[in-house]
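Novice: Okay, handing you the structure first.
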Amino acid sequence: MTTDWQFEVPTTGSKHLPPDARYVEALSSQGYGFEAAVADLVDNSIDAGAKDVVIHFLRDGDRLVSLLVVDDGKGMDEEELDVAMTVGGRRDYDAQALGMFGTGLKAASLSHAGAVTVVSKVRRTRAAAPAGRRWTMERAVIGYQCDIVAPAYAQQLIDRYYDCPIVWQGTIIRWDAVKDFPRTGGGGQTDRYLHRTINKLGLHLGLHLHRFLAREDFNITIAVEDVTTGVEYMNFGVQPLDPFAYPVSGHPDYARAFTANVPSIGPVTLTAHIWPPKSNNDEFKAVGSVIDRQGFYFYRHDRLVQAGGWNNFRQPEQHLALARVAVDLPDTAVASEVFRLTVKKDGVDTSPEFVTALESATDGAGRTFSAYVADADTTYREARKRTGTTRKSVIPAGKGFEASVREAIEDELPLIPGEEPIAIRWQKIDNSAFFEIDRETRTIVLNQHYRAAILGGRRGGLNDAPTLKSLMYLLLHGIFEKEYSGSREKDNLQLWQSVLVAAARAELNRGTDDD
């Protein structure tokens, strides 16, 4: 069938189609991670000119009840608060604002909480009344019904945080019915959750906001308080985690600035760094896995919006583990078409013209960006050579192994590219065996019968028994790297089974004797 192609679609008019109230459910299902959601709220605090931000976990005994983000920014009056709580509310962003889309507060909050309350006070007089609004998911989905917070409670909440950090002005965001909170706090669940979550949150904020935290006039504090007793369990300041804060460069020629000439927006500066090999600094190791932490670090208005990744310029690989490139995104409307920031501010989609520009990017002396990549590769390889040994490539560890174990394996051993990782799990099998090998699913199966004895009464989990699992990986990864097992491998498997079963049974007997 052949017809004349029309480059413009003809129309006969228009029709107003407002969003269904259930759009709020879609807004709250954008895959916000907990740390990214809280960081989005802190971005709003920074935009409001805050100098101090407090992230406050509130508990009632063993039960976590609320999470609050409190700042001493300029605050909002009734009209501004209505705009802030409107889905997609239109507002004029400052030229250096971190906000962009008008959805962050609502999407981040309702992704993790059944209700979000915002109370704010502007600086007029100390006696000026604060304003408050509250979204609940139930009322939002039946017609965008936003509750007005009782003035007396709004004032009470402001007073609660008087001088810490609110004095004349500020904003409080309160999350209730937080989905991630443990449903029951008994058995130390709440303490474990707080330890794990606050550690991850501190690292996330320290990394993505490290340029702000490095300033003398900006602080983020994470605290935990019991609302019944008033006891403060924890109170510490978030420290900046600068991904380029190495003590000495891994290569004498770096850091070095390259220029990529992108036709639609002009020159873009790429500041290329090479980390020293084998670094144990948190600034190097806490960013992510060997694969994740290499590549581009994009900043928008000093806020890190992507930590690692090559954006289709090349594939990540272990030999580029030391390569990191800082890019401050140009601040123009056209640039936003070349560098498209995700709503969650956790990544940047780059256009093909940026990738093409990288191929011809050079520094002032004519050295190419591709030569930098080669230098980073060589630095890594030379460091390996200086150890005096060449280690054989292995299949990586995967599900069931603690993240730090997986990272250590990736740091110490070259990985076979493109291979499905080896998983490990507990399962009921014959008690005459300590483990089984499932080649088809590439899984090491541990005998569930011996799990309690191995854990010594500790609570089990997906990534439990990291020492045992690490040893099992070191024993068995080679089995998966061969198509079949020869007589020597089969004899070794039988030997390991016998010794491990004897050791596990001894652990069981020891536990019985102790009882």
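The values are calculated or read from the model by the stated rules, or taken from the named source; none is laboratory data. Since this is a predicted model, take the numbers as computed values, not measurements. Because the Cβ atoms are built from the backbone with ideal geometry, glycine has one as well, and the counts that use them run over all protein chains shown. These accessible areas exclude ligands, DNA and RNA; they are computed on the full protein's heavy atoms, side chains included. Shrake-Rupley method; radii C 1.70, N 1.55, O 1.52, S 1.80 Å.
Novice: Are any residues in region 132-143 open to solvent by 70 Å² or more (accessible area, probe 1.4 Å) and either at positive phi or not in a loop (DSSP other than H, G, I, E, B) (or both), and if so, which ones?
Specialist: Passing the criteria: R134, E138, R139.
Novice: Considering only region 205-220, state which residues are open to solvent by less than 60 Å² (accessible area, probe 1.4 Å) and closer than 16 Å to F236 by Cβ.
Specialist: L205, G206, L209, L213, F218, I220
Here is a yes/no grid of residues against (1) open to solvent by less than 70 Å² (accessible area, probe 1.4 Å); (2) more than 30 Å from T378 (Cβ to Cβ); (3) out of contact with any Phe, Trp or Tyr (no Cβ under 8 Å at 6 or more places or on another chain); (4) not small (G, A, S):
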residue	(1), (2), (3), (4)
T171	yes, yes, yes, yes
G185	yes, yes, yes, no
I198	yes, yes, no, yes
A223	yes, yes, no, no
E232	no, yes, yes, yes
P247	no, no, yes, yes
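Novice: Across region 484-515, what is the number of residues that are among the aromatic types (F, W, Y) and either within 21 Å of R458 (Cα to Cα) or at pLDDT below 85 (or both)?
Specialist: Looking only at that region, the number is 1.
Novice: Here is a list of conditions, (1) of a type outside the set (K, R); (2) surrounded by 15 or more Cβ atoms within 10 Å (Cβ to Cβ); (3) within 29 Å of Q189 (Cβ to Cβ), and T467 meets all of them except one; can you say which number that is?
Specialist: (2)
Novice: Considering region 335-345 alone, what residues qualify as being out of contact with any strand residue (DSSP E or B) (no Cβ under 7 Å at 6 or more places or on another chain) and in contact (Cβ under 8 Å) with a residue 40 or more places away in the chain?
Specialist: Within region 335-345, A335, E337, V343, K344 meet the criteria.
Novice: Does any residue in region 363-391 that is under 16 Å from R324 (Cβ atoms) come within less than 6 Å, Cβ to Cβ, of a residue that is of a type in the set (V, I, T) and modelled with pLDDT of 85 or more six or more places away or on a different chain, and which pairs are these?
Specialist: A376/I274; T379/I274
Novice: Among the residues of region 421-434, which ones are under 34 Å from the mean Cα position of the chain (by Cα) and open to solvent by less than 10 Å² (accessible area, probe 1.4 Å)?
Specialist: I422, I424
Novice: Select from region 62-80 the residues that are within 25 Å of the chain's Cα centre (by Cα) and of a type outside the set (D, E, K, R) and write down the one among them that is surrounded by the most Cβ atoms within 10 Å (Cβ to Cβ).
Specialist: The residue in question is V70.
Novice: Could you please let me know if G202 is over 18 Å from the mean Cα position of the chain (by Cα) and open to solvent by less than 40 Å² (accessible area, probe 1.4 Å)?
Specialist: no
Novice: How do the helices (runs of 4 or more DSSP H) wholly within region 302-420 filter down when requiring 2 or more residues that are of a type in the set (D, E) and surrounded by 16 or more Cβ atoms within 10 Å (Cβ to Cβ): which remain?
Specialist: Helices (runs of 4 or more DSSP H) meeting the threshold: 369-385, 403-412.
Novice: Please enumerate the residues belonging to region 254-280 that are of a type in the set (V, I, T) and open to solvent by 60 Å² or more (accessible area, probe 1.4 Å).
Specialist: T269
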